[in-house]
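Before any comments, here is the structure.
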Amino acid sequence: MASLEKRPHGYRVVFMFRGEKFARSLQTKDPKQAKATLARMEDTLRRIDLGTLLVPDGADIATFLLSDGNLAAKPRNEEPVTLTQIFDDYFANLPAGANEKTTIDGMLLHQRHLERLLGAEYHVQRLTVSDLQTFIEKRSKEKGHRGNVTTTTIKKALVTFRTIWRWAATTGRLTGSFPNRGLRYPKASEKPPFQTWAEITRQTERGGLTDAEEAELWDCLYLTLPEIDELLNFVKTHALQPFVYPMFVFAAHTGSRRSEIVRSRLGDLDFESNMVTIRERKRVHSQTTTRRVPMTPLLADTLKGWMKQHPGGIQTFCQPPGIVRSKTIRAEATPVTRDEVHDHFKRTLRGSKWDVLRGWHIFRHSFISLLASKGVDQRLIDSFVGHTTEDMRRRYRHLYPSIQQSVMAAVFVGQ
């Protein structure tokens with residue numbers, strides 16, 4: 001259907017289409033890249049033969065085939081849209097509050113990796129599948145926090161790129177679809193199942209694990225109810241600020257994410273009906289949603305005690321006046337930030353047995369595990385924690401080993 005020809009200045013592709021011969025330079029001397037482009041072009045020709053892809057009237061055939069059917073004509077001789085420019089335009093036009101700060105920070109990190117491997121001045125309209133495949137291959141060979149960069153991390157960068165491409169296409173900055181059809185990723189490893197402290201300790205004490213493997217195990221820790229009680233008692237006696245212990249109880253007894261803890265307001269606490277409203281941002285990306293969780297007696301009593309010394313403002317958790325923040329001393333009560341919440345978590349547990357806990361999400365793991373272990377209806381668990389997909393449910397759906405063993409023993413009686 002098509003073939004490659006090696007010329008002094010690089011490869012070109014030669015092909016027949018509807019009885020007419022075409023040739024087009026691929027602008028590369030890399031045989032691997034040229035072969036990848038040829039394979040994509042032949043796939044596009046097959047799609048045309050099968051009738052799953054239609055050639056627009058008047059289309060430049062070579063351009064259409066080389067762009068995976070995205071472009072009908074050669075790009076006009078305009079100033080090319082660069083990778084940096086398209087990202088900068090996107091963020092400049094992003095409505096205030098449209099995304100969480102952490103989401104923006106992640107997208108900016110993805111931008112830096114794309115610019116580093118594709119080039120800040122890369123002409124985005126010329127993006128091809130082989131360019132993205134080259135990015136995947138290069139990124140997968142780089143070192144991350146724990147071994148090579150994972151497939152999940154690479155996919156997140158391309159999701160960001162696709163999001164910005166689609167925005168650029170709807171605003172007339174780019175044309176065509178994001179060319180990610182047929183990309184191949186390194187085989188990913190499934191995360192270890194969530195496990196108890198005792199299970200993880202037995203594995204680490206046997207030895208033979210790398211630091212990265214041990215850290216991954218501790219990421220999958222969930223706490224039993226006695227361990228949560230022990231941890232909360234430790235925090236109660238070691239917290240440096242009065243809001244820290246109530247914040248730990250809030251997380252442990254509602255399964256809230258860190259960002260949800262920060263967003264919590266006094267008006268969300270209904271002591272009459274013993275319900276707390278959680279302000280979400282992840283379940284529906286286009287709007288802020290809420291869910292309601294019943295208050296446990298400990299949570300209600302702890303929050304009532306905190307209300308008696310609350311320094312003021314509408315947020316549930318605030319820093320009192322006089323607390324130093326960077327080089328500034330607060331003159332009034334100030335809501336805690338995500339970074340401050342993380343800092344107080346690590347500062348409170350530093351040097352103790354609880355130092356292995358990486359962050360607030362441990363309470364979410366544990367909250368869901370406790371509900372599942374008691375046979376709580378999955379629909380109720382979903383409503384309490386805001387799960388919406390089966391992947392989320394499967395990741396969290398596990399019971400204590402003792403319960404699993406009792407179930408098996410009940411089935412295989414006398415075996």
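Coordinate-derived values only; no laboratory data. As the structure is a computational prediction, the values presented were derived from the model and not from experiment. Note that each Cβ is placed from the backbone with ideal geometry, even for glycine, and that neighbours are counted across all protein chains shown.
Gain in length, residue 47 to residue 180, computed as 0.36 nm per residue apart minus the alpha-carbon separation, to one decimal in nm? Spell out each step's value before the answer.
Values: separation 133, 0.36 × 133 = 47.88 nm, distance 1.60 nm.
Gain on extension, residue 47 to residue 180, equals 46.3 nm.
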5 Å is the cut-off here: which amide hydrogens, built 1.01 Å from N in the peptide plane, fall below it relative to residue 122, excluding neighbours closer than 5 in sequence? 83, 84
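Rounded to the nearest 5, what % of DSSP beta bridges with both residues in the chain are antiparallel? Kindly include the intermediate steps, with their values, before the conclusion.
Values: 27 of 28 bridges.
Given both bridge residues lie in the chain, the antiparallel proportion sits at roughly 95 percent.
How high is the relative contact order of the chain? Use alpha-carbon pairs under 8 Å, at least six apart in sequence, and give a whole percent.
Values: 473 pairs, mean separation 42.1, N = 415.
The value is 10 percent.
What ratio of Cα Rg to 2.2 N^0.38 Å holds for region 184-229?
Working: Rg = 12.9 Å, N = 46, 2.2 N^0.38 = 9.4 Å.
That ratio works out to 1.37.
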Considering only Cα-Cα distances, which of the following residue pairs are longer than 29 Å: 308/346; 21/138; 187/353; 156/353; 156/236; 32/143? 21/138; 187/353; 156/353; 156/236
May I ask you to evaluate 6.51 cos²θ - 1.76 cosθ + 1.60, the Karplus curve with θ = phi - 60°, for each residue of region 93-103 and list the ³J(HN,Hα) values in order in whole Hz, giving x for glycine and proline? 9, 6, x, 4, x, 5, 9, 5, 4, 5, 5
Within straight cross-link reach of residue 29, meaning Cα distance under 18 Å, which lysines are found once same-chain residues fewer than 8 apart are removed? 6
Do the sum for the chain: with -39,500 (n - 2.57) for every DSSP H run of n ≥ 4, divided by all residues, what is the mean residue ellipticity at 222 nm, to the nearest 500 deg cm²/dmol? -14500 deg cm²/dmol
Which far-off residues, 5 or more places away or on another chain, put their amide H under 5 Å from the one on residue 195, with H placed in the peptide plane? 221, 222
Taking a crude spin-label model, label points 7 Å out from Cα along the C-beta direction, the residue 141 to residue 116 distance in nm is 1.5
So what is the diffusion coefficient of the chain in µm² per second by Stokes-Einstein at 25 °C and 0.890 mPa s, using a Kirkwood Rh over Cα pairs? 95
Can you work out the Karplus-derived ³J(HN,Hα) for every residue in region 37-44? Use 6.51 cos²θ - 1.76 cosθ + 1.60 with θ = phi - 60°, whole Hz, and x for glycine or proline. 5, 4, 4, 5, 5, 5, 5, 5
Can you list residues whose amide H is under 5 Å from residue 334's amide H, if they're 5+ apart or on another chain and H is modeled 1.01 Å from N? 319
